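K.L.:
Starting off with a structure, shown below.
Derivation of every value follows stated rules applied to the coordinates shown; laboratory data play no part. Keep in mind it's a predicted model, so treat the numbers as computed, not measured. No Cβ is skipped: glycine too gets one built from the backbone with ideal geometry, and neighbour counts run over all protein chains shown.
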Amino acid sequence: MLLQCMSSSHNDTPTDILEHVLLPVATEDDALATVTALEPYEPEQVTALHVVEKGEGVPDKTPVAQSEEVAAESYAAVRTVFPDADDHTAYSRNVVEAIFHAADEVGASAIAYRSRGGGRLMQFLSGDLSLKLVTNAAIPVIALPRADSDE
């Protein structure tokens, strides 16, 4: 499957958006569900991203060591489907900005994510990260289908 986009950073020549996919993952289960959804699209290169949310003056949600362990488990889950996947850990209070910054750092051609669901209240409280991700990105964002639509 060839998905192309026009990219001004590549002299306006078509680019395969599946050339290098950045894959944000939160947990081992999330990573496995996300790579399972991405697998049929056969990206050339995958970089898994885990964002450790830092408090910047307020206590962290979880200890950094625990968050790094969750990241390692997530990367291992990604490699069950994409054995050659790279990994990238970011530390930031703003998850969406961290995703965009990581995409730049690794030279991603697209960001692929799987919505984690949640009702309207959760979306309101989280600032609807999905909306920010798809409306503010400088590169294509691929929303992967959810097989478990009952969530």
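K.L.:
Name the GluC sites (Glu not before Pro) in the range 26-99 that are in a loop by DSSP and that have at most 11 other C-beta atoms within 10 Å, would you?
P.N.:
Hits after loop and neighbour filter: GLU44, GLU56.
K.L.:
Tell me the net charge near ALA90. Cut-off is 13 Å between Cβ atoms, ALA90 excluded, with +1 for each Lys or Arg and -1 for each Asp or Glu.
P.N.:
-4
K.L.:
Can you give the relative contact order of the range 20-141 as a percent, counting alpha carbon pairs under 8 Å and 6+ residues apart?
P.N.:
For the range 20-141, the relative contact order is 33 percent.
K.L.:
How big is the range 20-141 on each of its three principal axes, counting only the C-alpha atoms and giving the largest first in Å?
P.N.:
Result, largest extent first: 39, 32, 28 Å.
K.L.:
Between beta-carbons, use under 9 Å as the cut-off and find the net charge around THR47, counting Lys and Arg +1, Asp and Glu -1.
P.N.:
-2
K.L.:
Quote the FRET efficiency, to the nearest 0.05, computed for ARG146 versus GLU42 with a Förster distance R0 of 22 Å and r equal to the Cβ-Cβ distance.
P.N.:
Step by step, r from the Cβ atoms, then E = 0.65.
K.L.:
For a Förster distance of 22 Å, can you work out the FRET efficiency between the beta-carbons of VAL106 and LEU131, rounded to the nearest 0.05?
P.N.:
Result of the calculation: an efficiency of 0.40.
K.L.:
Full extension from GLU19 to ALA138: what is 0.36 nm times the residue separation minus their Cα-Cα distance, to one decimal in nm?
P.N.:
Between GLU19 and ALA138, full extension yields 41.2 nm more.
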